[in-house]
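Novice: Just passing along the structure, written as structure tokens.
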Amino acid sequence: MAIRPLHDRVLIQRVKEEEKTKGGIIIPDTAKEKPVEGKVIAVGSGKILEDGSVRKLEVKPGDRVLFGKYSGQEIKVDGQEMVILREDDIVGIVE
Amino acid sequence: MAIRPLHDRVLIQRVKEEEKTKGGIIIPDTAKEKPVEGKVIAVGSGKILEDGSVRKLEVKPGDRVLFGKYSGQEIKVDGQEMVILREDDIVGIVE
Amino acid sequence: MAIRPLHDRVLIQRVKEEEKTKGGIIIPDTAKEKPVEGKVIAVGSGKILEDGSVRKLEVKPGDRVLFGKYSGQEIKVDGQEMVILREDDIVGIVE
Amino acid sequence: MAIRPLHDRVLIQRVKEEEKTKGGIIIPDTAKEKPVEGKVIAVGSGKILEDGSVRKLEVKPGDRVLFGKYSGQEIKVDGQEMVILREDDIVGIVE
Amino acid sequence: MAIRPLHDRVLIQRVKEEEKTKGGIIIPDTAKEKPVEGKVIAVGSGKILEDGSVRKLEVKPGDRVLFGKYSGQEIKVDGQEMVILREDDIVGIVE
Amino acid sequence: MAIRPLHDRVLIQRVKEEEKTKGGIIIPDTAKEKPVEGKVIAVGSGKILEDGSVRKLEVKPGDRVLFGKYSGQEIKVDGQEMVILREDDIVGIVE
Amino acid sequence: MAIRPLHDRVLIQRVKEEEKTKGGIIIPDTAKEKPVEGKVIAVGSGKILEDGSVRKLEVKPGDRVLFGKYSGQEIKVDGQEMVILREDDIVGIVE
């Protein structure tokens, strides 16, 4: 079963905590909102601009991305923890 | 009796909880807002853009969609539980 | 005595509760805002767009519409309970 | 002494309560904001649009209008109770 | 010493209470914000529109204007009480 | 060491209280926000407009300006008290 | 491991307090938000404008910048304290 995000939304699979430490990124434990890591599973058709045209998203399936911990909406698909959020809530791509 | 949503609004029939579990989507029980599943019954003529033109909606009647649990306005039509919301409150389409 | 709504406003006569039940729509009794039914009596000349042009409204006198219970401003005209609201507060047309 | 409202503002003389009842409009006594009646005394040169052009107002001196009770700013001119508000705060014209 | 307001701002000298009463305007004493009277001393070069062009202001030095009592910023220039505010905070011109 | 403000920001050196009194401007001591005086040290390349073009700022290095007391961000550069704020927070130029 | 910021975001490495003092900038200790210093490590592809075009950022890798202490999101990359924020949160470039 697949989910196609609408417009400028992106479906992301959270990366588990253990895997994240291996990747070299350690999230400091402060009061500030901290980005978490995830893998892009599916992307929407693009952002609808004010003149009605559509702009393709910059992220693509397979990208490792950082996004705000409290961004978007959580969902479980086939037992996997996922998040659906807007591309603008993604702060960066891990390369 | 039918209801035609106005502009960029969409009329959605909620999917009952049992059916949802069968479909493979399990909504985790956390404090965050979680999307629920529904079937599109009717869509408005489209979103009115700033220049006055109208942009057709991306969802169409029959689509299975995920939307914010607290989005839109509830209504019962001919005994069926329905929700009327804006297309932008739909986060994804189940395929 | 008649009232001509300004711009994108619409004058609506509330439909009495009894009549509404006959029409098949039952508004569930929850904490969420629920749309109520009414009949369009008069519409404004249209929405003024950012470039100064005017866009005709989609609803017309005689339409049965659903709108937010707490939308707009109440008024009594010749003993009739009316509501004046913006077309954007109307969620759908009953057909 | 005269006052010329600026841009999209309108100078309105409130209609006294007695006169209003004669005109057939009875404002129901609820918690919601209710429009009151008044007579347009003077109008501004028009609304300044985003491209710098000016759009003439739809109301004109002499119009009987309904407006939000708490809209705009009160002022007494030559002993008369007046209100200065933006045309967008006027909900309709009494014909 | 002179002050040149920036963009769409206007420098206004408050009119003293005594003088205001002579002019025929009596500000009613209610809880609502009430406009006060002043004389335009200097105006900015104009409002910067979204496309970068500049639109000349409608008020000019010497105009008697009404403005919100709590609008703008107070300043004393050469012993005179002045206010610097945006033209949009001026509700009307006294003629 | 120099600081180049970004976009529509302006670097301002506060004028000391003594100097200000000599200049003839006395800031009344009320509860309202009052503008303070400063000297423009450096300006950004200009405001980025919605179409991506850049509009040069109206103030230039050397200008004596009035700005909101609580506007912008304080910083000390080479022992001097400075403020970095957006040009729109400047209310006027002292001439 | 590298992080590529998305759109108009910038990846910045905080400058340690000791180094900052040497650079001549002393941040006064007041209640106001104060900018802190950092080095730009990576920049996004640019800000997406309303017409869908992309505007290159003004800062570039290597720039020493000042930014709001509480702006953006903190992250540790390969043991280094970093911040990801939007270019608009950068107030100036240290030259």
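The values are calculated or read from the model by the stated rules, or taken from the named source; none is laboratory data. Keep in mind that this is a model prediction, so the values were computed, not measured. So basically every Cβ, Gly included, is an ideal-geometry build from the backbone, and we count neighbours across all protein chains shown.
Novice: Would you pick out the residues in the range B:14-30 that are assigned to a strand (DSSP E or B) and at pLDDT 80 or above? Before you say what the answer is, go through the steps one by one.
Specialist: Step one: list which residues in the range B:14-30 are assigned to a strand (DSSP E or B), which gives B:14, B:25-26.
The one that is assigned to a strand (DSSP E or B) and at pLDDT 80 or above: B:Arg14.
Novice: If F:Gly62 meets every condition in (1) farther than 29 Å from G:Asp8 by Cα; (2) part of a strand (DSSP E or B) apart from one, which number is that one?
Specialist: That leaves (2) as the condition not met.
Novice: Then there's this: How many residues does the range G:39-77 contain that are farther than 26 Å from A:Lys47 by Cα and touching a strand residue (DSSP E or B) at 6+ places or on another chain (Cβ under 8 Å)?
Specialist: Of the residues in that region, 17 qualify.
Novice: While we're here: From the set of residues in the range D:50-95 that are surrounded by 17 or more Cβ atoms within 10 Å (Cβ to Cβ) and polar (S, T, N, Q), which is farthest from the other protein chains (Cβ to nearest Cβ)?
Specialist: D:Ser71
Novice: Answer with yes or no whether B:Lys39 is touching a residue at least 12 places away in the same chain (Cβ under 8 Å) and among the basic types (Lys, Arg).
Specialist: When the stated conditions are applied, B:Lys39 passes them.
Novice: Only residues that are of a type in the set (Lys, Arg) and over 9 Å from the mean Cα position of the chain (by Cα): list them for the range C:61-77, please. Spell out how you get there, then give the answer.
Specialist: Step one: of the range C:61-77, the residues of a type in the set (Lys, Arg) are C:64, C:69, C:76.
Of everything in the range C:61-77, those that are of a type in the set (Lys, Arg) and over 9 Å from the mean Cα position of the chain (by Cα) turn out to be C:Lys69, C:Lys76.
Novice: Pick from the range B:31-49 the residues that are more than 10 Å from the chain's Cα centre (by Cα) and either modelled with pLDDT of 85 or more or under 26 Å from C:Lys56 (Cα atoms) (or both): which of them is surrounded by the most Cβ atoms within 10 Å (Cβ to Cβ)?
Specialist: Looking at the filtered set, the residue picked out is B:Gly44.
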